[in-house]
Amino acid sequence: MSDPANDDRPAGSEKTNGRAGNSDEWWIEFRELLEEETDWPTTYTFKFIGPEDDLDELKGIFDEHPTGEEGGLKVRSSSKGNYVSVTARLKMNSSDEVLAVYDRAYEIDDVIAL
């Protein structure tokens, strides 16, 4: 377990578990890219896929963010109904907010981000 006082992440960045990327370094680079290429606030599109049984948890990722104004929450089941995709367009104010949504998603087993 790393010591937060000796952490190499930029100030203000969230700890991630690295499930979508190969390492915490991937997340650091992603955050830097968001900072360099994005004018905040912005509308950001998230899409996650997971088991149908986890639909409520997947939708719960966005509980802290209003989804009505920016395009809402869209749910689509796979052809066999085993998996579900959840897409949300949310107003984000910073890269830290974006990373926090990914952190919440990766607390759910078997979730994939697109």
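Laid out as a table, the results:
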item: One residue from E29, E14, E25 being surrounded by 15 or more Cβ atoms within 10 Å (Cβ to Cβ), modelled with pLDDT under 95 and either of a type outside the set (G, A, S) or in a helix (DSSP H, G or I) (or both); result: E14
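This table checks each residue for (1) surrounded by 13 or more Cβ atoms within 10 Å (Cβ to Cβ); (2) in contact with a strand residue (DSSP E or B) (Cβ under 8 Å, 6 or more places away or on another chain); (3) under 16 Å from L114 (Cβ atoms).
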site	(1), (2), (3)
G60	yes, no, no
S77	no, yes, yes
V86	yes, yes, yes
L90	yes, yes, yes
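The values are calculated or read from the model by the stated rules, or taken from the named source; none is laboratory data. None of the values given here were measured: they were computed from a predicted structure. Cβ atoms come from the backbone with ideal geometry, glycine included; neighbour counts cover every protein chain shown.
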